[in-house]
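Please read the structure below before turning to the comments.
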Amino acid sequence: MTTEQKIQQLREELRQHNHNYYVLDNATISDYDFDIKLKELEKLEEENPDFFDSNSPTQRVGGDVTKNFETITHKNRMYSLDNSYSKDDLLDWEKRVQKNLGTEDIEYTCELKYDGASINLTYENGQFIRAVTRGDGFQGDEVTTNIRTIKSIPLVPNGDYVSSFEMRGEIILPLQGFNKMNEERIANGEETYRNPRNTASGSLKLQDSSEVAKRPLDCLLYQVVTNERKYKTHFESLEAARKVGFKVPDTIVLAKSIDEVFDFVSAWDVKRHELPYETDGVVVKVNNLQQQEELGYTAKAPRWAIAYKFKAEQVSTVLNEITYQVGRTGAITPVANLEPVQLAGTIVKRASLHNADQIEKLDIRVDDTVFVEKGGEIIPKIIKVDLTKRPEYSKPTEYATNCPECGTELIRTEGDAKHYCPNEFGCAPQITGRIQHYISRKAMDIDGLGGETVDLLRKEGLIKNYADLYDLKVEQVIPLERMAEKSAQNMIEGIEKSKEIPFEKVLFALGIRFVGETVAKKLAKHFKSIDNLMQADFDTLIGVDEIGDRIAQSILDFSVDEGNKELIQRLKLYGVQLEVSAESLEGQTDKLAGKVFVVSGVFHQMSRNELKKAIEDNGGKVSSSISKKTTYIVAGDNMGPSKLTKAESLSIPIISEQDFIDMI
Ligand code: AMP
Ligand code: ZN
């Protein structure tokens, strides 16, 4: 077998396993064996760059970063759908369709309306080429690199199908994955995501595709657009799509009459709560493609399809009290405390009111009877007040002026929807929240200390900030409620061990507003120490890749604060890592700052990955494709011919491995 055949064979095999696992939900290989094969393929591809293929299973892990998503005009417009809310609406639609077609002999398909973000996938000659969001229907954003990481989307459909087509579908976040993401956010002391739909659509626009790869996104397909007239009906075209690897839900059915459509609607109005993902309705389509063409489009939607929206479940109950919650960052969230009531399978006692504007908009008052709904949101929301039941003594709600926890006067900055408690260092939930964040798994990862213990330690006056943790003694901790000698020791040891945690994680642990995990990494790499970071001015900060005004200002606010300065000083004394360690600094410079490299071919003195690391360690950027922005191409043996032509046409200098080594 030639190397090329071996590569092709591995790709084929891995594709099949991916399909079995992500589309059919039926694993045919262990994770371990899959990884071994993937590594083998990676190695072969690395050694044989001529056989590079952007649709290889190795390309699904992400890694490319997109700063600005390109706007692309859709070849075929992406229409929206007309909505209907009742059986009468559907009957009216049926009449219009029948009249337009001049026949009553019409078959329909019924599909669920998947609740996510629409996507348009372009395939040419059997290969995935590009993915574009719906945007305004005429133009959308190109998000190909991010979409490639969604493993249920076939990059090379397998079997008999049309060769060039657009496949339309919905990027969704299944409930289980969404809940898991939120559990992690809670563990990290971060605010939770509101609902699966927004999170799915936000995921498409993440700059770092390896972050997208980590999210449990899925893609459900509902329409094929092609000039090749291979299929007569919508149903057939989807069945065929499913056969070649696309995830077309098998909930789709054919209906011979509008009565059968009603059956589908009624059945799913109940069963939808058992689905692994959210749906907000049903989409009914004329099945025959010839008839679809005859019906055509209105200015905004196809005449051959209509969405039927389920009614979100609603109940009415009484608002007993509005309380206010203080988050780790001091943000205040008003909460409606309701008379407990049964809704969509759970008992609801509380609903978020979001902020002061929301309360004003609803004009919601204590003792009002309110309608509560569970729609797309996981947390129920209050839709409106039943004014007919408003008691006579009712008075407009006055929003809290002071923090419910510490009594400090709340502030609200221009443009912010939320009120804040500015008493950062004296407000209990802020203190506890910050320390809980500090010890969390993705930050200092302190074993033997949990969130509740942190609150207990604070209540007992043993800690006021994260630096105080390092002063704790076993003897002080043992007398605490439910604390045995062994667990006290574990806790102190865990705290001691956190002094080895690398700087980038410490930086994240400090809980500077807007400095999440990824930003912390970038900052650590750029500034190398907390001192450098805290001395940087605004311009220096925004000069760093991906650091915007908002983050820069937050770092400045943190850095000028005397309390923070003192905390940092103390952490330093205890031996917490506040600079990048000597080992990881070794060989790092910023000699290549601002330069963008494309690496192609086989190298002798270092592997491709070592070469890429060397570029990044010296402040340069690695890109996978040649463009006007490329500064150099580092070419090894057997550089791909198409890359060579492209480099020449853009007159980008090509340098050798040795040239590169000399450069650094
Ligand atoms: P709307 O956003 O309310 O105009 O509804 C149109 C959108 O519904 C389309 O852009 C699709 O993204 C989405 N959709 C979800 N499921 C389906 C489906 N089965 N058929 C067609 N569109 C669907
Ligand atoms: Zn407060």
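Could you list, in sequence order, the residues of region 480-503 that are assigned to a helix (DSSP H, G or I), free of Cβ contacts under 8 Å to residues at least 60 places away in the same chain and open to solvent by less than 80 Å² (accessible area, probe 1.4 Å)?
Scanning region 480-503 gives SER487, ALA488, GLN489, ASN490, MET491, ILE492, GLY494, ILE495.
Kindly establish whether TYR420 is within 30 Å of MET181 (Cβ to Cβ) and away from ligand 2 (no atom under 16 Å from the Cβ).
no
Within 30 Å of CYS219 (Cα to Cα) and not charged (D, E, K, R), is that true of TYR277?
yes
Looking only at residues that are of a type in the set (Ser, Thr, Tyr) and surrounded by 17 or more Cβ atoms within 10 Å (Cβ to Cβ) in region 208-256, which one is farthest from ligand 1 (Cβ to nearest atom)? Steps first, please.
Step one: filter region 208-256 for residues of a type in the set (Ser, Thr, Tyr), giving 209-210, 222, 226, 231, 233, 237, 251.
Retained after the next criterion (residues that are surrounded by 17 or more Cβ atoms within 10 Å (Cβ to Cβ)): 209, 222, 226, 231, 233, 237, 251.
Working: SER209: 22, TYR222: 4, THR226: 16, TYR231: 16, THR233: 15, SER237: 13, THR251: 9 Å.
In this case the residue turns out to be SER209.
Of the residues that sit in region 176-195 and are open to solvent by less than 40 Å² (accessible area, probe 1.4 Å) and assigned to a helix (DSSP H, G or I), which one is nearest to ALA331 (Cα to Cα)?
Going residue by residue through region 176-195, those that are open to solvent by less than 40 Å² (accessible area, probe 1.4 Å) are 177-178, 181-182, 188-189, 195.
Imposing the further condition that a residue be assigned to a helix (DSSP H, G or I) reduces the set to 177-178, 181-182.
On the way: GLY177: 27, PHE178: 23, MET181: 21, ASN182: 18 Å.
So, considering only residues that are open to solvent by less than 40 Å² (accessible area, probe 1.4 Å) and assigned to a helix (DSSP H, G or I), the one nearest to ALA331 (Cα to Cα) is ASN182.
For GLY281, which of the numbered conditions (1) surrounded by 15 or more Cβ atoms within 10 Å (Cβ to Cβ); (2) of a type outside the set (Lys, Arg); (3) within 30 Å of THR369 (Cβ to Cβ); (4) more than 16 Å from ligand 1 (Cβ to nearest atom) fails to hold?
Single failed check for GLY281: (4).
Specify which of the listed residues (THR122, THR133) is at pLDDT 95 or above, within 14 Å of ligand 1 (Cβ to nearest atom) and open to solvent by 10 Å² or more (accessible area, probe 1.4 Å).
On the way: THR122 fails: within 14 Å of ligand 1 (Cβ to nearest atom).
Unique residue meeting the criteria: THR133.
Looking at region 370-390 only, could you name the residues that are open to solvent by 50 Å² or more (accessible area, probe 1.4 Å) and of a type in the set (Gly, Ala, Ser)?
Correct list: empty.
With within 11 Å of ligand 2 (Cβ to nearest atom), outside the structural domain of PRO276 (by TED's automatic domain parsing) and in contact with a Pro (Cβ under 6 Å, 6 or more places away or on another chain) as the only criterion, which of GLU409, GLU405 stands out?
GLU405 is the lone residue from the list that is within 11 Å of ligand 2 (Cβ to nearest atom), outside the structural domain of PRO276 (by TED's automatic domain parsing) and in contact with a Pro (Cβ under 6 Å, 6 or more places away or on another chain).
Looking at (1) touching a helix residue (DSSP H, G or I) at 6+ places or on another chain (Cβ under 7 Å); (2) more than 21 Å from PHE508 (Cα to Cα); (3) open to solvent by 60 Å² or more (accessible area, probe 1.4 Å), which is the one condition that is false for ILE626?
The number of the failed condition is (3).
Report every pair of residues separated by at least 6 positions or lying on different chains whose Cβ atoms are under 9 Å apart, first residue within region 557-583 and without any contact (Cβ under 8 Å) to a residue 12 or more places away in the chain, second among the hydroxyl-bearing types (Ser, Thr, Tyr).
Final answer for the pair search is LEU573/TYR470.
To keep it simple, each residue is scored yes or no on (1) outside any loop (DSSP other than H, G, I, E, B); (2) more than 16 Å from ligand 2 (Cβ to nearest atom); (3) among the acidic types (Asp, Glu).
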site: VAL366; (1), (2), (3): no, yes, no
site: VAL370; (1), (2), (3): yes, yes, no
site: GLY426; (1), (2), (3): no, no, no
site: GLY433; (1), (2), (3): yes, no, no
site: ALA443; (1), (2), (3): no, yes, no
site: GLY448; (1), (2), (3): no, yes, no
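From the residues in region 402-450 that are open to solvent by 30 Å² or more (accessible area, probe 1.4 Å) and among the hydrophobic types (A, V, I, L, M, F, W, C), which one is nearest to ligand 1 (Cβ to nearest atom)?
ALA417
Scan TYR399, TYR393 and give me the residue that is open to solvent by less than 70 Å² (accessible area, probe 1.4 Å) and part of a loop (DSSP other than H, G, I, E, B).
Selected residue: TYR399, the only one of TYR399, TYR393 that is open to solvent by less than 70 Å² (accessible area, probe 1.4 Å) and part of a loop (DSSP other than H, G, I, E, B).
Can GLN127 be described as of a type in the set (S, T, N, Q) and in contact with a strand residue (DSSP E or B) (Cβ under 9 Å, 6 or more places away or on another chain)?
No, not satisfied.
Could you tell me which residue of region 284-313 is surrounded by the most Cβ atoms within 10 Å (Cβ to Cβ), considering only residues that are among the small types (Gly, Ala, Ser) and within 18 Å of ALA117 (Cα to Cα)?
ALA307
Which one is nearest to ligand 2 (Cβ to nearest atom) among residues in region 283-318 that are among the hydrophobic types (A, V, I, L, M, F, W, C) and in a loop (DSSP other than H, G, I, E, B)?
Of everything passing the filter in region 283-318, ALA312 is nearest to ligand 2 (Cβ to nearest atom).
I'm checking my understanding of the structure. Among residues of region 596-623 that are open to solvent by 60 Å² or more (accessible area, probe 1.4 Å) and part of a loop (DSSP other than H, G, I, E, B), which one is nearest to PRO641 (Cα to Cα)? Let's see the steps before the verdict.
Pass one, region 596-623, residues open to solvent by 60 Å² or more (accessible area, probe 1.4 Å): 604-605, 609-610, 612-613, 616, 621.
This time we only want the ones that are part of a loop (DSSP other than H, G, I, E, B), so: 604-605.
Values: HIS604: 20, GLN605: 22 Å.
Taking the candidates together, the pick is HIS604.
I need the full set of residues from region 541-556 which are in contact (Cβ under 8 Å) with a residue 12 or more places away in the chain and assigned to a helix (DSSP H, G or I), in order please.
Selection gives LEU541, ARG550, ILE551, ALA552, GLN553, SER554, ILE555, LEU556.
In this structure, does VAL341 turn out to be more than 16 Å from ligand 2 (Cβ to nearest atom), assigned to a strand (DSSP E or B) and touching a residue at least 24 places away in the same chain (Cβ under 8 Å)?
Here the answer is yes, as VAL341 does meet what is asked.
Taking the condition of being open to solvent by 10 Å² or more (accessible area, probe 1.4 Å) and within 15 Å of ASN55 (Cβ to Cβ), how many residues in region 145-163 meet it?
Residues in region 145-163 being open to solvent by 10 Å² or more (accessible area, probe 1.4 Å) and within 15 Å of ASN55 (Cβ to Cβ): 8 in total.
List the residue pairs whose Cβ atoms are under 9 Å apart, where the first residue sits in region 103-130 and is not assigned by TED's automatic domain parsing to the domain that holds ARG194, the second is modelled with pLDDT of 95 or more and surrounded by fewer than 22 Cβ atoms within 10 Å (Cβ to Cβ), and the two are 6 or more positions apart or on different chains.
Pairs found: none.
Would you pick out the residues in region 319-332 that are open to solvent by 30 Å² or more (accessible area, probe 1.4 Å), within 16 Å of ligand 2 (Cβ to nearest atom) and assigned to a strand (DSSP E or B)?
THR323, TYR324, GLN325
The values are calculated or read from the model by the stated rules, or taken from the named source; none is laboratory data. No experiment lies behind these values; they were computed from the predicted model shown. Please note: Cβ atoms are built from the backbone with ideal geometry, for glycine as well, and neighbour counts cover all protein chains shown. Only protein heavy atoms, including side chains, enter the accessible area calculation; ligands, DNA and RNA are left aside. Shrake-Rupley method; radii C 1.70, N 1.55, O 1.52, S 1.80 Å.
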